[in-house]
């Protein structure tokens, strides 16, 4: 079912329709595949195609560039719904947006018209390449990938690591140093296509969780990128990267919230049915208190996330803070709630025949990527006391 964007953007009724479509697809197509996707550790192209055919990849993209033109709030709700059943599948939608955000934020009209319609429709798979082996949280100070201008081309050399969807991506937003003397102001952003000479996919990571989402190394060996593919003026790439993270962190918070809600739902259903000492374990006070605490943390995370999404829609000046608040709370909640869900199921929770152990493994990454929880705490603290 394709979702046609209305002229003025989706209304509350349109959002409800989109979410109903998502719930049906998740129940009928995604949830039955989740365990297999995890076990095989392969990018589920059938699920990606399903999302593309139903316009879910294009929900947050501007209608003028082929997207649905949905609000950011609608987008995070879509990621949340999918992630309740399969975190790897939810990440497809989140990373498609992540890979396009730099183009939306810093691209000129020609770049937007060239790339955004193909990304929003799913014709192109997108990725985002910022991290390096020695440059994770310290992206500004430790980046080593270089881009040197030669005529109307930039030549990139270096490696990027931990790149989600990098091995299957058609276009990647890549950050490289164009002037090593200028620190953060010497970093620039580029759109790299997989067909550009000198671009190669390196090692695929074997991961604890989100196994259906490929994570890899990207190698640039004299990779030739047209100067027309630079996003914004030279030296503005790091500022673009930080603006991207402000809008991508809520997407990861949505993934974390979905994982937590999925685990809570499963644990609560199990507690209603599992008998011990002559009654359902959900009637035991110890289990009831665990479930109550899980519910509180999930609902608190949801409120923070939805407020952060509204800040994104409003381009609020305090978006950086709210993105950090949402990502921190939701990521920690996902880890705590999934661990408790495993505990409630006991031995069954530790078995791969039940989904909560997969949810626990998937939850951990939400405390790490798009900025670790320690970085989120720094952002939050500095909003209170400043930075020296």
> What FRET efficiency would be calculated for the residue pair residue 138, residue 108, taking the C-beta separation as r and a Förster radius of 22 Å, to the nearest 0.05?
Replying inline: 0.15
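Let a ≥ b ≥ c be the square roots of the eigenvalues of the Cα gyration tensor of region 127-236; is it rounded (a/c under 1.5), or, if not, prolate (a/b larger than b/c) or oblate? Please report the intermediate quantities before stating the final value.
Numbers: a/c = 2.15, a/b = 1.41, b/c = 1.52.
It is oblate, given that a/c is not under 1.5 and a/b is not larger than b/c.
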> So how do 103, 380 line up by other beta-carbon neighbours within 10 Å, fewest first?
Replying inline: 380, 103
> Taking the Cα centre of each part, how many Å lie between region 324-364 and region 67-87?
Replying inline: 20 Å
> Can you give the extra length, in nm with one decimal, that the chain gains between residue 299 and residue 206 once fully stretched, where that is 0.36 nm per residue apart less the Cα-Cα distance?
Replying inline: 30.2 nm
> For the residue pair residue 224 and residue 368, what label-to-label distance in nm results when each label sits 7 Å from Cα along the Cα-to-beta-carbon direction?
Replying inline: 3.8 nm
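How long are the semi-axes of the equivalent ellipsoid of region 12-125, taking √(5λ) for every eigenvalue λ of the Cα gyration tensor, in whole Å from largest down?
Here the semi-axes work out to 24, 16, 11 Å.
How would 275, 359, 230, 335 line up from fewest to most surrounding beta-carbon atoms within 10 angstrom?
Details: 275 9, 359 33, 230 24, 335 20.
Ascending Cβ contact count within 10 Å gives the list 275, 335, 230, 359.
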>> Ignoring everything except DSSP H segments at least 4 long, calculate the 222 nm mean residue ellipticity for the chain; use -39,500 (n - 2.57) per segment, divide by total residues, nearest 500.
In response: -17000 deg cm²/dmol
>> Need the full-extension length gain, residue 239 to residue 28, defined as separation in residues times 0.36 nm minus the C-alpha distance. One decimal, nm.
In response: 71.8 nm
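Two decimals, Cα atoms only, Kirkwood Rh: what is Rg/Rh over region 238-385?
Working: Rg = 17.1 Å, Rh = 16.0 Å.
Rg divided by Rh gives 1.07.
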>> Given N residues in region 81-159, what is its alpha carbon radius of gyration divided by 2.2 N^0.38 Å?
In response: 1.35
> Tell me, how many Å apart are the Cα centres for region 144-210 and for region 110-125?
Replying inline: 19 Å
> Which FRET efficiency value, to the nearest 0.05, do you get for residue 272 and residue 146 by plugging their Cβ-Cβ distance into 1/(1 + (r/R0)^6) with R0 = 51 Å?
Replying inline: 0.30
> For the chain, what are the per-bin percents of Cα-Cα distances with bins 20 Å wide, up to the bin holding the maximum?
Replying inline: 29, 57, 13, 1
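Bear in mind these aren't lab numbers, they're just calculated from the coordinates by the rules spelled out. All figures in this text were calculated on a predicted structure; none of them were measured in a lab. Cβ coordinates were reconstructed from backbone atoms using ideal geometry, including for glycine residues, and neighbour counts include every protein chain displayed.
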